[in-house]
Amino acid sequence: MASTTQSARDYVENARVHLVRELKNLSVIVENLYQQKVFSDEEVSKIQTERDDFEKTRKILDSVTKKGEAACYKFLRIIDMTRKRTVERASVLPEKQSAASTENRKFDLHHWISCYPFKEDTQMDSKKRKLSRPKKMKTYIPKDRPGTSPSDLLKTDENILLVGKPGIGKTALSHELLRLWAERDNEELDYMFYFDMRETSHITRAMSLEDLLFSVFSEPDEGREEVLQDIKRNSDNVTIIFDGITDLSSSVVKKLVEKDLLPDAKVIVTCRPDNEEDFGDFLRVEVKGFSEQTIKTYLSAMLGDTQKKVLSNLELLTLCHVPMYALMVAACFSSETPEDSSQPCSITEIYINIVRFCLKMNSNKTKNKDLNSFIENKSEEILSLAEVAFHATEGKTVNLTKLPHKDSCVLCFLKSLDSQGAPTETITTYAFLHYTMQEFFAAIWLLKNPDKIKEVFQQCLTTEKKHMKHLIPFMCRLLTDKSPSLMKCLIPAQELINTSNWFFKEMINRFFPYLLWCFYCICCCYSNDL
Ligand SMILES: Nc1ncnc2c1ncn2[C@@H]1O[C@H](COP(=O)(O)OP(=O)(O)OP(=O)(O)O)[C@@H](O)[C@H]1O
């Protein structure tokens with residue numbers, strides 16, 4: 001069992017017998033140890049000459065333990081990050097026969113690695129606990145340190161995992177990579193493909209590399225086979241971005257990620273923190289959002305003097321490290337009237353404000369009272385949009401194929417997406433201005449249809465539908481008493497009270513065994529939303 005004083009070296013040595021039997025995908029571990037300069041070229045070559053995986057693992061373990069504590073620590077970190085690919089799940093193994101027990105005991109390497117008290121985590125937790133609230137809040141704003149630049153990311157040959165919370169700028173960064181790639185001076189022919197995993201629903205159906213590459217982009221007018229062969233033969237000239245991955249259910253995408261197709265292509269994946277497990281051997285780059293200085297520069301450009309109101313509100317200031325929220329806050333404050341006295345302090349409140357802001361722009365109703373009656377009158381249209389949002393979110397897509405209402409108050413939340421059908425046909429579908437806005441509307445629909453909520457709680461615990469958990473923080477906040485008039489204009493107050501009477505109890509009951517997961521979800525993604 002782990003203890004906070006146990007050294008990494010002891011920890012590795014104590015589990016040696018299990019590690020030898022159960023570590024898999026050793027090349028992933030060795031490559032990471034090499035990248036982190038624990039192993040030299042020569043050591044890697046020696047390991048590769050060992051006759052089988054058991055011998056290779058023994059050699060890896062001998063080398064890291066001989067190198068000492070720091071090497072063992074890095075080794076444990078690598079196993080932790082890559083566990084889905086490198087560590088077998090629980091199996092029944094004969095433990096060392098002890099005087100106390102001669103029974104076979106289960107040794108679960110997944111559990112074992114999760115017990116190791118990594119310093120970064122414990123130091124971070126205890127440091128944060130000791131800080132005052134304002135200082136604690138500010139720890140969410142990233143420091144203004146030079147990090148990896150987009151051009152560095154473009155230059156490296158490694159596969160890259162861009163990970164970060166909703167709205168932090170992963171898509172914006174991948175678009176920047178595309179721009180840099182398109183604008184650079186390069187005489188050699190190379191290829192870069194970008195797939196928005198939520199927008200291009202055909203990806204899950206794509207059966208072959210050819211389907212994937214050529215059914216989204218207009219295929220080459222001629223020589224399609226020649227281009228495909230060139231891509232296959234010279235895969236080191238290919239970069240593929242998969243933006244917003246939630247799983248590897250598409251077999252073509254899986255093969256590309258795992259290098260069974262185009263082995264030398266560079267793959268860049270963006271995902272939210274809860275989906276990063278599949279990409280343990282990628283170079284992980286965290287997208288951290290705006291630093292305090294960038295927030296100030298951004299707000300000053302967007303709001304001029306009004307920025308002071310945001311800067312003096314600690315909750316808002318910290319939320320603005322997420323560019324998506326900074327944008328919405330700026331939009332709301334730019335149209336603030338003397339009537340709008342209460343400022344948003346949580347993520348959901350920012351979404352409520354932006355929805356009201358869009359409707360205000362759309363209806364020209366400047367007085368809150370008038371705006372509320374406008375929302376009440378349009379509740380059917382708004383709730384039908386919320387229904388479409390829910391079904392699209394459940395289906396992991398942003399494509400809203402069937403819009404029951406094309407009312408302007410519905411369309412003001414949407415952008416149109418044009419895609420090619422037949423050669424002379426353009427198909428227009430719609431998507432929310434941002435995926436997180438879709439999730440917000442989906443949460444509203446659930447509150448209108450509370451009998452579906454328990455099913456969604458259940459979905460959150462499954463691998464296939466775990467992305468539905470992003471609706472829960474929105475629902476929690478929309479249900480609280482403080483919830484401003486938006487909800488009351490859409491759903492009768494008594495219905496909301498009836499739902500909240502069982503909602504929170506049910507949520508705690510459901511997720512109690514998964515408390516850590518809940519804690520992680522709320523802290524990482526919605527840390528300022530409570
Ligand atoms: N560097 C930036 N400067 C200015 N605005 C930005 C920047 N990065 C992101 N944004 C704004 O924030 C919005 C959200 O960013 P983006 O879509 O890239 O987030 P994301 O991390 O991909 O979110 P999700 O996980 O929900 O897909 C963008 O539409 C853009 O308006």
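The values are calculated or read from the model by the stated rules, or taken from the named source; none is laboratory data. The structure displayed is predicted, hence computed values, not measured ones. Cβ coordinates were reconstructed from backbone atoms using ideal geometry, including for glycine residues, and neighbour counts include every protein chain displayed. Ligands, DNA and RNA are stripped out before the accessible areas are found, and what is left, the full protein with its side chains, is counted by its heavy atoms. Shrake-Rupley method; radii C 1.70, N 1.55, O 1.52, S 1.80 Å.
Tell me, please, whether a residue that is farther than 24 Å from LEU154 by Cβ and without any contact (Cβ under 8 Å) to a residue 12 or more places away in the chain can be found in the range 284-297.
Yes, some residue in the range 284-297 is farther than 24 Å from LEU154 by Cβ and without any contact (Cβ under 8 Å) to a residue 12 or more places away in the chain.
Restricting to the range 391-414, and then to whatever is out of contact with any helix residue (DSSP H, G or I) (no Cβ under 7 Å at 6 or more places or on another chain) and aliphatic (A, V, I, L, M), can you tell me which residue is farthest from ASP243 (Cα to Cα)?
Only one residue fits best here, namely LEU411.
Just give me the residues in the range 289-302 being more than 10 Å from the ligand (Cβ to nearest atom) and under 20 Å from SER346 (Cα atoms), in sequence order.
SER291, GLU292, ILE295, LYS296, LEU299
Starting from residues that are of a type in the set (A, V, I, L, M) and open to solvent by 10 Å² or more (accessible area, probe 1.4 Å), keep the ones in the range 72-91 and report whichever is nearest to PRO117 (Cα to Cα).
Ranking the qualifying residues of the range 72-91, first place goes to MET81.
Which one of these is within 12 Å of the ligand (Cβ to nearest atom), over 17 Å from the mean Cα position of the chain (by Cα) and open to solvent by 40 Å² or more (accessible area, probe 1.4 Å): GLU158, GLU176?
Just one listed residue meets the conditions, GLU176.
Name the pairs: first residue in the range 171-184 and among the acidic types (Asp, Glu), second residue more than 8 Å from the ligand (Cβ to nearest atom) and part of a helix (DSSP H, G or I), Cβ to Cβ under 6 Å, at least 6 apart or on different chains?
Short answer, once both residue conditions are applied: GLU176/PRO150.
Of all residues in the range 4-39, which are of a type in the set (Ser, Thr, Tyr) and open to solvent by 50 Å² or more (accessible area, probe 1.4 Å)? Write out each step before concluding.
The initial filter retains those residues of the range 4-39 that are of a type in the set (Ser, Thr, Tyr), namely 4-5, 7, 11, 27, 34.
Selection gives THR4, THR5, SER27, TYR34.
Kindly indicate whether VAL64 is open to solvent by less than 50 Å² (accessible area, probe 1.4 Å), touching a Leu at 6+ places or on another chain (Cβ under 9 Å), touching a residue at least 24 places away in the same chain (Cβ under 8 Å) and in a helix (DSSP H, G or I).
yes
Could you tell me whether ARG51 is touching a residue at least 40 places away in the same chain (Cβ under 8 Å) and not aromatic (Phe, Trp, Tyr)?
The answer is no for ARG51.
For every residue, the table says whether it meets (1) over 23 Å from the mean Cα position of the chain (by Cα); (2) of a type outside the set (Asp, Glu); (3) modelled with pLDDT of 90 or more.
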residue: ALA442; (1), (2), (3): no, yes, yes
residue: ASP451; (1), (2), (3): yes, no, yes
residue: GLN458; (1), (2), (3): no, yes, yes
residue: GLU464; (1), (2), (3): no, no, no
residue: LEU486; (1), (2), (3): yes, yes, no
residue: CYS489; (1), (2), (3): yes, yes, no
residue: THR499; (1), (2), (3): yes, yes, yes
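Restricting attention to the range 185-203, which residues are free of Cβ contacts under 8 Å to residues at least 24 places away in the same chain and either more than 16 Å from the ligand (Cβ to nearest atom) or in the same structural domain as HIS470 (by TED's automatic domain parsing) (or both)?
Residues satisfying the conditions are ASP185, ASN186, GLU187, HIS202.
Hand me the list of strands (runs of 3 or more DSSP E) wholly inside the range 224-305 holding 1 or more residues that are farther than 25 Å from HIS321 by Cα.
238-243, 266-271
Can you spot a residue in the range 247-269 that is modelled with pLDDT under 95, crowded, with 21+ Cβ neighbours inside 10 Å and within 11 Å of the ligand (Cβ to nearest atom)?
Scanning the range 247-269 turns up no residue that is modelled with pLDDT under 95, crowded, with 21+ Cβ neighbours inside 10 Å and within 11 Å of the ligand (Cβ to nearest atom).
Return a yes/no flag: does the range 288-311 have any residue that is under 30 Å from VAL87 (Cα atoms) and surrounded by 17 or more Cβ atoms within 10 Å (Cβ to Cβ).
Narrowing the range 288-311 to residues under 30 Å from VAL87 (Cα atoms): 288.
Now restrict to residues that are surrounded by 17 or more Cβ atoms within 10 Å (Cβ to Cβ): 288.
Yes, the range 288-311 has at least one match.
Got a sec? Which of PRO338, PRO323, PRO344 is within 29 Å of LEU173 (Cα to Cα) and at pLDDT below 85? Working first, answer last.
Values: PRO338 fails: within 29 Å of LEU173 (Cα to Cα); PRO323 fails: at pLDDT below 85.
Exactly one of PRO338, PRO323, PRO344 is within 29 Å of LEU173 (Cα to Cα) and at pLDDT below 85, namely PRO344.
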